[in-house]
Each structure stands twice: as C-alpha cells, then as structure tokens.
Amino acid sequence: MTGLLTEMTQTSLARLAQARAQESECDLWTRASDLPAPPKLKLSPEGFDIIAECKLHSPSAGDLSANTAGVDSRVQAYGLGGACAVSVLTEPHRFGGNLAHLEQASAVLRPLNVPTMRKDFLVAPYQIMEARAAGAGGALIIVRMLDRSRITEMLDCAAMLKMFVLLEAFDAADLVAAHEILAPRKRHNENVLVGVNCRDLEKLTVEMSRLQELADQLPPGHPHVAESGVGSPADVRHIVDIGYQVALVGTTLMKSTQPRQLLGEMLAAGRERALAVRTRRMRIATGEEQE
C-alpha cells in the first residue's frame, strides 16, 4: 500500500479499537439492525447518476468548508439537485469528518429518500455497522487495503443490513481482486457498485487517463463508478463515452457556491450523452451505422 493508505489503515484501526471499547459488537449489531431500512440506492433509467460528496477537507485540496454553511445545507442541496446518493467523509485526521456528519446528513436526506454512504478507510465489519447505526444506506470499501476474506465479511455485513457498497479500485490488480471476490456472489441479494479512483495516492494528483485505461477491466453486471477528477459537464460526457454509469463528485461540488445548480447541469450532460451512446449502439446493432 501507499504511504497515505498505510497511515489511514493505522488510524482506522486505532479508531476501531476505541469504538469497540465503548460498545460491543453485539450491542452495535442490535442497534444497527433494529433501525428501519435505509433509503434504497436507485439509479436512473436514463443511464447516468452522480454520488455527490460532502467533505470539509482533503489532503490534496485543503480546506473545503469556505462555501459551506454546514453539512445540513450542503447535503440538502445535493438531495434536491438529484444525487442518487450522498457520500459523507467520516475520517477525522486528514478529511475533517466524523460519524456525527453522517448522522446529520442521513437525517436530512431520509425525507428525500436519498441514501448516504459512509466514505472512510474501513477495515472491519464493525465499521459497516457503525455506518448503518448513523443512518447510512451504503459504505465504501477500498480493495487494496484489505485481504479478500475481510472484504467478503464486510460485503456480507452490508448485505444483511440492506446497505449498498462501493468497491473501490485504483489499478488493474485491484480490479482482478474485485472480479474474484464478486464472481462467487452472483446470486447474493446485494447491491455492489465498482469504482475506479483515478487519484495517484503518492502524488495526490488526478490521472484521468486511468479511467479509460481500466474501463474495460471493470467487472460486468455492476454499475461502474468514475471517482476523482470529474469536475465539469465535459468531464461527465467523457466518462459516459468510455462506459461509466455513475460519477462520484466531491471537490468540485464542495467548492461551488451553487451546488444544486451545478449538480443538475452535470446530470443533464451525462444523461443526454448516455442517450446518444445508447442510440448509436442500437443503430450499429441494426446495421444503420458502422462503428
């Protein structure tokens, strides 16, 4: 793993130990499983969706709170703007997050029927339960941080709690692992998206070319998510062209003074392009157009 992921794994393990000292896994499971089911993740039949992200800080962009009155107002704008889900950073040391932000966001978005997703460097099923107890309907799992048996345990936990999972890859080796983890689970009743994060974790730069290089290696049968670097309607059109159905958009929306409007513009661009792509494929299939 890279230096950042190693650091994040260590701090996540320390937070896990502190949480377990305060509440047993059995008690947490009871608290999480007794809650009403979270809002379901619903992807648009128009072929493109956005997971909007709420984060107050990032190692690459620094402080992102300047244009944000608070978590409540920001996530409400995302929900009203059409986000299929809202990702909430709960990592405190490098991203300025906590579980209280997730709980706030979940309470605001539940009446809008929009699920939240816990984005963090999760290392154990316990932290999936924490997410559900805070109201989340989904969680991020980073492939290269964990061995395959642990990922399977976390997927099982999320499925039992009726949560979706975004399985995040950074390179071809991660996608091979994702294939092998998901292949035996084809008959499971679960909702798993697979994403490619194009951020270089050593330099913290965005390498958009990675999205195209890895697009045809993503596991079939799962919605494909483009993560990092999507900052404009033009970027959205590009990722739809190369085969992604969902974008996770964070920094661009956090910097915007009108996130609801920007989100709507990006969704419209993506759905218009998705329709054009589908129409072209139909014409090719019927012989009306050549590739």
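In table form, for the structure just shown:
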| item | result |
| --- | --- |
| Filter result for Gly79 (surrounded by 22 or more Cβ atoms within 10 Å (Cβ to Cβ) and under 24 Å from Met266 (Cβ atoms)) | yes |
| Selection status of Val88, more than 27 Å from Ala172 (Cβ to Cβ), in a strand (DSSP E or B) and modelled with pLDDT of 95 or more | yes |
| Residue pairs meeting the criteria (Cβ under 6 Å; at least 6 apart or on separate chains; first modelled with pLDDT of 85 or more and small (Gly, Ala, Ser), in the range 193-207; second outside any loop (DSSP other than H, G, I, E, B) and surrounded by 15 or more Cβ atoms within 10 Å (Cβ to Cβ)) | Gly195/Leu166; Gly195/Glu168; Gly195/Val225; Gly195/Glu227 |
| Selection within the range 195-228 - over 25 Å from Lys42 (Cβ atoms) and either hydroxyl-bearing (Ser, Thr, Tyr) or part of a loop (DSSP other than H, G, I, E, B) (or both) | Cys198, Asp200, Leu201, Glu202, Lys203, Leu204, Thr205, Glu207, Met208, Ser209 |
| Which numbered condition Pro184 misses (of (1) assigned to a helix (DSSP H, G or I); (2) touching a residue at least 24 places away in the same chain (Cβ under 8 Å); (3) of a type outside the set (Ser, Thr, Tyr)) | (2) |
| Pro39 being modelled with pLDDT of 95 or more and surrounded by 18 or more Cβ atoms within 10 Å (Cβ to Cβ) | yes |
| Residues within the range 158-179 that are under 20 Å from Thr205 (Cβ atoms) and either hydroxyl-bearing (Ser, Thr, Tyr) or surrounded by 17 or more Cβ atoms within 10 Å (Cβ to Cβ) (or both), tallied | 4 |
| Hey, Ala136 modelled with pLDDT under 95, part of a loop (DSSP other than H, G, I, E, B) and over 23 Å from Ile239 (Cα atoms) or not | no |
| The range 130-146 residues that are in contact (Cβ under 8 Å) with a residue 12 or more places away in the chain and at positive phi, paired with ones that are among the aliphatic types (A, V, I, L, M) and buried (at least 24 other Cβ atoms within 10 Å of the Cβ) (beta carbon under 7 Å, 6 or more apart) | Gly135/Leu102 |
| Output for the range 266-291, where each listed residue is in a helix (DSSP H, G or I), exposed (fewer than 15 other Cβ atoms within 10 Å of the Cβ) and without any contact (Cβ under 8 Å) to a residue 40 or more places away in the chain | Ala276, Thr279, Arg280, Arg281, Met282, Arg283, Ile284, Ala285 |
| Residue in the range 110-118 that is hydrophobic (A, V, I, L, M, F, W, C), at pLDDT below 95, within 16 Å of the chain's Cα centre (by Cα) and surrounded by 17 or more Cβ atoms within 10 Å (Cβ to Cβ) present | no |
| Residue check, Ala178 in a helix (DSSP H, G or I) and in contact (Cβ under 8 Å) with a residue 12 or more places away in the chain | yes |
| Single unsatisfied condition, Thr68 versus (1) at pLDDT below 95; (2) surrounded by 15 or more Cβ atoms within 10 Å (Cβ to Cβ); (3) part of a helix (DSSP H, G or I) | (3) |
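Table: residues versus (1) surrounded by fewer than 19 Cβ atoms within 10 Å (Cβ to Cβ); (2) under 22 Å from Thr116 (Cβ atoms).
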position: Cys198; (1), (2): no, no
position: Glu207; (1), (2): yes, no
position: Pro219; (1), (2): yes, no
position: Val230; (1), (2): no, yes
position: Pro233; (1), (2): yes, no
position: Val249; (1), (2): no, yes
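The values are calculated or read from the model by the stated rules, or taken from the named source; none is laboratory data. In this text, all values refer to a predicted model and were calculated from it rather than measured experimentally. Cβ sites come from the backbone with ideal geometry, for glycine too, and all protein chains shown count toward neighbours.
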